[in-house]
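So the structure is just underneath, and the comments pick up after that.
Laboratory data are not the source of any read-out in this text; all were calculated from the coordinates shown. Because the structure is predicted, anything quoted here is derived from the model rather than measured. Cβ: placed from backbone, ideal geometry, glycine included. Neighbour counts: every protein chain shown.
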Amino acid sequence: MSHAYGPVPSRRFGRSIGVSPIPPKTCSYSCVYCQLGKTTDMRAERGRFFDPKEIEKDIENTVTSCGCKADFITIVGDGEPTLSANIGELISFCKSHLKIPVAIITNGSLLWNAELQLQLRVADVVSVTVSAGDEETFRKIHRPHGSLKFSEVMSGMETFRKSYQGKFWAEVMLVAGLNDSNESIVSIKKQLQRLSPDKVFIATPTRPPTEPWVKPPDPESVLNAASILGGSLEMTFPEMGSFNPGEHEDVADTILQLCSRHPMMEKQVRELEARLGTEVADRMADENVVQWKEYMGIRYLLPVRK
Ligand code: SF4
């Protein structure tokens, strides 16, 4: 499987090439709302998972084959990308060799690490997750690795933020009953004030979550959170863009790769099939390779994890 995919249309990054420098579901958290399923390799120690040259080759091939100018390369991972000790080399490669801006989408749990702070310094955007304002909520929502403490994670983000010159964003994922009360939002706001993010994004679980009981807050609670958090705030809505298959020859494999990384709305799957002049998703579902799952009135295509 390639380490790079796309371009994926994104409201925040335009046409972006996604890069995963770690094995699937390798993460320091196991968030209840994660769209990738339960974390299977829980760790807080960084490591070298792949040869960086192999990842660079995949990025270069994807950039070349997409036939358009990518606006961003987002290092996002099928888990927590900063667990990759090679992330600094990858950022440098994308910026100096490919001349494309780089965004790191991270849960922020390892930003206390001095080596990582140095590696991320040259990224154009670093986007962290701040969905809890206290230890108890932090544990309930993220189910972090045992060595990670809320206060240390937040101090790490604050230390990084103070020296980081690029754009620093924060995402608040709201889950009904877990962190959407007035009290929770006020405590999240206090943490955000320590970080002075350039932008804050409010998100809700719009794709099938790991835990079936996870639900988005009602619209009133989301609006209440928006009014308390204020500032440079944007709401994240279910993605409505289309995926670009690039130049993959095997359509079934392309669909499997795409939906393994981003559960695809049925509309996106049908558009892709129409563009490629073939219908394979339903056959793949019959063969138990992928599955349709309905969430919030929308059908999504997901891989069957065996
Ligand atoms: S949402 Fe992100 S941080 Fe949370 S478990 Fe999934 S990959 Fe890890």
Problem set entry | the chain, helix-only ellipticity at 222 nm - DSSP H runs n ≥ 4, -39,500 (n - 2.57), divided by all residues, nearest 500 | -10000 deg cm²/dmol
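If each residue's Cβ is checked for other Cβ atoms within 10 Å, how do Asp250, Asp41 rank with the fewest at the top? Can you show the working numbers first?
Details: Asp250 10, Asp41 13.
Final ranking by Cβ density, sparse to dense: Asp250, Asp41.
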Problem set entry | Amide hydrogen neighbours beyond the local backbone of Asp180, cut-off 5 Å, H modeled | Val175
Exercise. Long-range amide H contacts for Ser28: which residues qualify at under 5 Å (H placed 1.01 Å from N, peptide plane, sequence gap of 5 or more or a different chain)?
Worked result: Arg43, Glu80
Seminar exercise, completed: Other residues with Cβ under 15 Å from the Cβ of Ser181 give, with Lys and Arg +1 and Asp and Glu -1, a net charge of -2
Exercise. How long, wide and thick is the stretch 4-237, going by the Cα atoms along their three principal axes, in whole angstroms, largest first?
Worked result: 47, 36, 36
Exercise. For the chain, which cysteines have no disulfide-compatible partner, meaning no other cysteine Cβ under 4.7 Å?
Worked result: Cys27, Cys66, Cys68, Cys94, Cys259
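Once the other residues with Cβ under 13 Å from the Cβ of Lys140 are scored (Lys, Arg +1; Asp, Glu -1), what is the net sum?
Result for the neighbourhood of Lys140: -3.
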Seminar exercise, completed: Any trypsin sites (Lys or Arg not before Pro) in the stretch 7-67 that lie in a DSSP loop and have at most 16 other Cβ atoms within 10 Å would be Arg11, Lys38, Arg43, Arg48
For this session: Can you figure out the FRET efficiency of Glu183 with Leu118, using R₀ = 25 Å and their beta-carbon distance, to the nearest 0.05?
Result: 0.10
Seminar exercise, completed: Most exposed to least, judged by fewest other Cβ atoms within 10 Å, Thr206, Thr62 sort to Thr206, Thr62
Seminar exercise, completed: Any trypsin sites (Lys or Arg not before Pro) in the stretch 74-146 that lie in a DSSP loop and have at most 10 other Cβ atoms within 10 Å would be Lys99
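Let me check I've understood the local charge: for Lys99, count other residues with C-beta under 13 angstrom from its C-beta, Lys and Arg +1, Asp and Glu -1. What total comes out? List each step's numbers first, then the result.
Numbers: positive: Lys69, Lys95; negative: Glu60, Asp71, Asp124.
Taking every other residue near Lys99 into account, the sum is -1.
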For this session: Please identify every one of the GluC sites (Glu not before Pro) in the stretch 10-88 that sits in a loop by DSSP and has no more than 11 other beta carbons within 10 Å of its own beta carbon.
Result: Glu45
Problem set entry | Karplus-derived HN-Hα couplings along the stretch 168-182 (A = 6.51, B = -1.76, C = 1.60, θ = phi - 60°), whole Hz, x at Gly and Pro | 10, 10, 10, 10, 10, 9, 9, 10, 4, x, 9, 9, 9, 6, 3
For this session: Treat every Asp and Glu Cβ in the chain as -1 and every Lys and Arg Cβ as +1, leave all other atoms uncharged, and give the resulting dipole magnitude about the Cα centre to the nearest 20 debye.
Result: 680 debye
